[in-house]
Amino acid sequence: MMGFTDASLRTHLIGACLFLLSATAVQAQVTFTDAAGSLESAYAMWTDDGSDSYNVYYSGNGSTDKKVDAELVRKYGSTWRVDIPGLKAGSYTLKVASVKGGKEGTATTSKSLTVKAHDRSGFAFSNSHVPGAYKKDGTLKDGAIVLYISESTKNTVTLDVVTSSKGATTSYTGLQAILDGFKKGIDTRPLDIRLIGNITDPAELNNGDIVIDHNKKEGLSITLEGIGMDATVNGWGIRVKGAQDVEIRNLGIMNVDSEEDDNIGLQQDNKYVWVHNCDFFYGEAGSDADQKKGDGALDCKKSTYVTFSYNHFWDNGKSNLLGLSEGTTEGLYITYHHNWYDHSDSRHPRVRYYSAHVYNNFYDGIAKYGAGSTLGSSVFMEANYFRNCKYPMLTAMQGSDVYEGSTTRSTGKGTFSGEDGGSIKAYNNHMEGTYTFIPYGASKYIQKGKETSSGSINTQADFDAYVVESRNTKVPTTVKSYKGANTYNNFDTDNSLMYSYTADTPEQAVENIRAYAGRVQGGDFRWTFDNSTDDASSSVNQALKDALTAYKGWDGTTQPSSSSTAPSSSSAQPTSSTSEPSSSQASIESSSASKATPSSSSEQKQGIVIGQRFEISGQEMFRINVFSITGKKVLTSYGNVIDLSSLPSGNYIVQLNGAARSSLQKIYVQRTTF
């Protein structure tokens, strides 16, 4: 220590310590709190460790350490999250590195995550079209532009749009202005608009809506999507007209107060439109008596080759109006599949003129009616699941529409319409609970959940649907609507028109819907309905309404996840960083496991787990939390298996939170060596 005074020695030691602390901070590694693959995307979450920022990379399917856009890495309180869209199906790993003082530290790599493909079935994909800015494999189309919009940038975001055939560009500011620039039809680059977080009314709206209008020009393609579990359109609607090859996905839409009053509306002259994996909530009350929950959640008029799939409708009053004043039954095609009508009241869909394929949807506690057919429309209802749906299917001015669950025919205009009837073909639908349904030509039918004789009802004239035993059976032309004498057009058996698809059984459909409908991980806003009252009620759920009005966005705090089973009361529940994702978690390898069947209640069960993991039988996915006997959380995972190899022998509590059910189970972990 020659040459150092005490003071200078202290200075050097302090400097050395600061250097070491700085080096240690740079080398800090993040610890994942959650990571999983989803539908053509993957995500990860971790707790803030004091770093300035984080760099995120992904590897898999031919990509190695590909850095993701900084906008995809967001902070919520003390929680960080990354969501990576545009991944084709396959296995991936995510790598997160802390950045401090401009230096990147040691990275943490996730286990292998499984990414699944979206279900691209339905009329929107007819004639080789792939709506939106993504290819069929889920990756961005060549030359696509990606535009990020958040609450802080919604009015300042800019984009240079090609506005001249010679290549000249014009700079536009604000989302609506940018969309209007593309309306000119000269810039044909695919456009992917990514919304981040809770976004309230932009400064520029068209009567309260953002409008996607291609002016009936071809060659344009747009995706409007939300990033992660919390992307929310709050207060404004989305309107589409004169457009084709449009995709809208992964958005929550609530509190809409536009002049059109629809959450999302396809107005006219649209083709090849796909709206999927969105959450639809209450809008502001309209002037009509039936608009207390807002007007249409997802309506379609004068548009064709459309698919609405994997959407979640939360107690909406009027879910899906289809058709208005088209005046023809020719050339109008739409598909509804794997949608969750969660205590919504009516119009699932309510059809005029169209040929509509409605399959694998979950009608979950419907106070008014399921699907309704009028004005010569042809509706094929296939493999849907109806639970406590008052009238699963209605044809205007006949059957249950005029008998209204009684044995006397009404002389009024019917339950939902006084228009001429359409036609419904029904195959392999599951109905349970309290409902009324009159099949064509039946000597018995279900009245308010009980089988009864048709008696004086002429079921060849007064029927709800023509029920077939085989999917390809045609409805004879002798079967006509009571009013208007309209017949079914058998579009569903026309091989030149129909698309390739594989229908789930109704029971399989419910499992897939619970796992994947709505936004990533089911979205950040959750609500538990009370089936004992909400199944039959079409009134505004005031507590739900208040929670939506108060919604300001997700803050990253941890809350227990909710389910759709009936508790004693309704309650709002924002999900947490550990709530169940609609995805497959990394597989956990082990040499041995025990299986447990989750219960439908919260009863505790005794059990012994021998080996390295705890596995749940069945296909349903769960958020699995393991607690010590003192109540300290020691492990967490998502899926149907959790690795226990790090735990010492002893008693533990396993908490299972699934979309359909939850339970607590007491287990004993017995470590065994060989």
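The values are calculated or read from the model by the stated rules, or taken from the named source; none is laboratory data. Computed from a predicted model, the values in this text were never measured in an experiment. Here the Cβ positions follow ideal geometry from the backbone for every residue, glycine too, while neighbour counts run over all protein chains shown. Remember, those area values only see protein heavy atoms, side chains included, never the ligands or the DNA or RNA. Shrake-Rupley method; radii C 1.70, N 1.55, O 1.52, S 1.80 Å.
Exactly one residue among ALA289, ALA203, ALA243 is closer than 18 Å to ARG347 by Cα and of a type in the set (A, V, I, L, M, F, W, C), and that residue is ALA289.
Counting residues in region 39-52 that are surrounded by 19 or more Cβ atoms within 10 Å (Cβ to Cβ), in contact with a strand residue (DSSP E or B) (Cβ under 6 Å, 6 or more places away or on another chain), over 16 Å from ILE193 (Cα atoms) and of a type in the set (D, E, K, R) gives zero. Put simply, of TYR499, TYR466, TYR488, TYR482 the only residue that is touching a Pro at 6+ places or on another chain (Cβ under 9 Å) and part of a loop (DSSP other than H, G, I, E, B) is TYR488.
Restricting region 97-131 to residues that are open to solvent by less than 60 Å² (accessible area, probe 1.4 Å) and of a type in the set (Val, Ile, Thr) leaves a set whose member that is farthest from the chain's Cα centre (by Cα) is THR106. Pairing residues of region 185-213 that are over 18 Å from ASP245 (Cβ atoms) and at pLDDT 95 or above with residues that are of a type in the set (Phe, Trp, Tyr) and open to solvent by 10 Å² or more (accessible area, probe 1.4 Å), at Cβ distances under 7 Å and at least 6 apart in sequence or on separate chains, gives ILE196/TYR148. Looking at region 305-388, the strands (runs of 3 or more DSSP E) lying wholly inside it that each contain 3 or more residues that are under 19 Å from the mean Cα position of the chain (by Cα) sit at 312-314, 333-337, 340-342, 362-366. Might you let me know whether region 322-336 holds any residue that is surrounded by fewer than 24 Cβ atoms within 10 Å (Cβ to Cβ) and in contact with a Leu (Cβ under 7 Å, 6 or more places away or on another chain)? For region 322-336, residues surrounded by fewer than 24 Cβ atoms within 10 Å (Cβ to Cβ) and in contact with a Leu (Cβ under 7 Å, 6 or more places away or on another chain): present. All told, SER406 meets the bar of being out of contact with any Phe, Trp or Tyr (no Cβ under 6 Å at 6 or more places or on another chain) and at pLDDT below 95.
Restricting region 388-408 to residues that are over 20 Å from SER378 (Cα atoms) and hydroxyl-bearing (Ser, Thr, Tyr), the residue that is least open to solvent (accessible area, probe 1.4 Å) is TYR403.
Per-residue answers, yes or no, for (1) open to solvent by less than 60 Å² (accessible area, probe 1.4 Å); (2) modelled with pLDDT under 95:
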| site | (1), (2) |
| --- | --- |
| ASP534 | yes, no |
| ASP546 | no, no |
| ALA550 | no, no |
| SER563 | yes, yes |
| SER570 | yes, yes |
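Here is the figure for region 247-294: residues that are part of a strand (DSSP E or B) and more than 27 Å from THR188 (Cα to Cα) total 7. Selection within region 409-444: residues that are at pLDDT 95 or above and among the small types (Gly, Ala, Ser). The member of this set that is surrounded by the most Cβ atoms within 10 Å (Cβ to Cβ) is GLY422.
Just the residues that are over 13 Å from the mean Cα position of the chain (by Cα) and surrounded by 24 or more Cβ atoms within 10 Å (Cβ to Cβ), please, taken from region 275-297. Answer for region 275-297, where residues must be over 13 Å from the mean Cα position of the chain (by Cα) and surrounded by 24 or more Cβ atoms within 10 Å (Cβ to Cβ): TYR282, GLY283, LYS293, GLY294, ASP295, GLY296, ALA297.
Residues checked against (1) in a strand (DSSP E or B); (2) of a type in the set (Gly, Ala, Ser); (3) at pLDDT 95 or above:
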residue: ALA7; (1), (2), (3): no, yes, no
residue: HIS12; (1), (2), (3): no, no, no
residue: LEU18; (1), (2), (3): no, no, no
residue: GLN29; (1), (2), (3): no, no, no
residue: MET45; (1), (2), (3): yes, no, yes
residue: TYR54; (1), (2), (3): yes, no, yes
residue: THR93; (1), (2), (3): yes, no, yes
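Beta carbons closer than 8 Å, at least 6 apart along the sequence or on distinct chains, never pair a first residue in region 121-146 that is over 21 Å from LEU195 (Cβ atoms) and assigned to a strand (DSSP E or B) with a second that is open to solvent by less than 10 Å² (accessible area, probe 1.4 Å) and among the polar types (S, T, N, Q).
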